[in-house]
Amino acid sequence: MRIVIAGAHGQVARRLGRLLSGRGDTVVGLVRNPDHRADLEADGTTPAVLDLESASVDDVAEVVRGADAVVFAAGAGPGSGAARKDSVDRGAAVLLADAAERAGVRTYLLVSSMGTDLVAGGGTPEGLDDVFAAYLRAKLAAEQDLLARPALGVTVLRPGGLSDEPGTGRVTLDRHVERGEIPRDDVAAVLLEFLDHPRDGAVVELVAGGTPIPEAVASVP
């Protein structure tokens, strides 16, 4: 396969890139910082330097054209304010969807977050940090935009708290799960399984658990 990953220098994205390239797939990684190219090349990923906050749809479509799937794993990151949560976590995800449609790429995997349901309907739960609430709203808006597009086959993955513990290959994956953590290794492995077996329209939460990843993905409607 040929897979394009947005936010390719992120910790989950790099793990996914290594899994894909290690089995012989072609991986193109979108990054904003040219200094990240060497890391991606060491992973077996071909870097494409492109700022998704300023690029045009045509710029992105040129990179994704011919891909079997795109994966959005970008994020504004720690320390960023509410404005960048919107421009990256929502705006860049939507831009990638626009580009995928223009380039005729159907399969889209969106890495979202547990907790987006908390801000559905515009509410802000008591005790929720304003910037984190803005992040969840941006993720939810991206989910809603993408899932409304009939030309795209979208899978939304909402991981719990991310850890650097070694992956176990076993997870809990369902529409709603109890809050918990999940090793980044296992998030990448679940994304790989979804690339091999897309579940169009699925919105699922992911934490550590006891079900082997292939079985967990196969059970998603």
Pulled fully out, how much extra length does the chain show between R2 and A83, if you take 0.36 nm times their separation in residues and subtract their Cα-Cα distance? 25.9 nm
If you add up the charges near V105, with Lys and Arg at +1 and Asp and Glu at -1, over every other residue whose beta carbon is less than 10 angstrom from its beta carbon, what do you get? +2
How much length is gained if the chain between E53 and E41 is pulled fully straight, taking 0.36 nm per residue apart and subtracting their Cα-Cα distance, in nm to one decimal? 2.0 nm
Sparse-neighbourhood loop sites, trypsin sites (Lys or Arg not before Pro) in region 16-74 - DSSP loop, at most 11 other Cβ within 10 angstrom: R23
Accessible surface, 1.4 Å probe, highest first, among residues L109, L118: L118, L109
Return the percentage of antiparallel bridges among DSSP beta bridges fully within the chain, rounded to the nearest 5 %. 15
Evaluate 2.2 N^0.38 Å with N set to the residue count of region 87-204, then give the Cα radius of gyration divided by it. 1.08
In debye to the nearest 20, the charge dipole size for region 16-122, taken about the Cα centre with +1 at each Lys and Arg Cβ and -1 at each Asp and Glu Cβ, equals 180
Just subtract the alpha-carbon distance of S163 and A218 from 0.36 nm times their residue separation and send over the number in nm, one decimal. 17.4 nm
Quick one: accessible area per residue over the chain, 1.4 Å probe, rounded to a whole number of Å²? 43
Would you please classify the overall shape of the chain from the alpha carbon gyration tensor, given that a ≥ b ≥ c denote the square roots of the eigenvalues, rounded means a/c under 1.5, and beyond that prolate means a/b larger than b/c while oblate covers the rest? rounded
Under the rule of at least 5 residues apart or a separate chain, name every residue whose amide H is placed under 5 Å from the amide H of V203. V156
Stokes-Einstein at 20 °C, 1.002 mPa s, Kirkwood radius from Cα pairs: D for region 1-82 in µm² s⁻¹? 169
Peptides ranked, highest mean first, by Cβ atoms within 10 Å: ranges 119-131, 71-83: 71-83, 119-131
Among L152, L173, Y135 - extreme Cα towards positive end, dipole of the chain, charges at beta-carbon: L152
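The values are calculated or read from the model by the stated rules, or taken from the named source; none is laboratory data. What you see is a predicted model, and the numbers here were worked out from it, not measured in a lab. Cβ coordinates were reconstructed from backbone atoms using ideal geometry, including for glycine residues, and neighbour counts include every protein chain displayed. Only protein heavy atoms, including side chains, enter the accessible area calculation; ligands, DNA and RNA are left aside. Shrake-Rupley method; radii C 1.70, N 1.55, O 1.52, S 1.80 Å.
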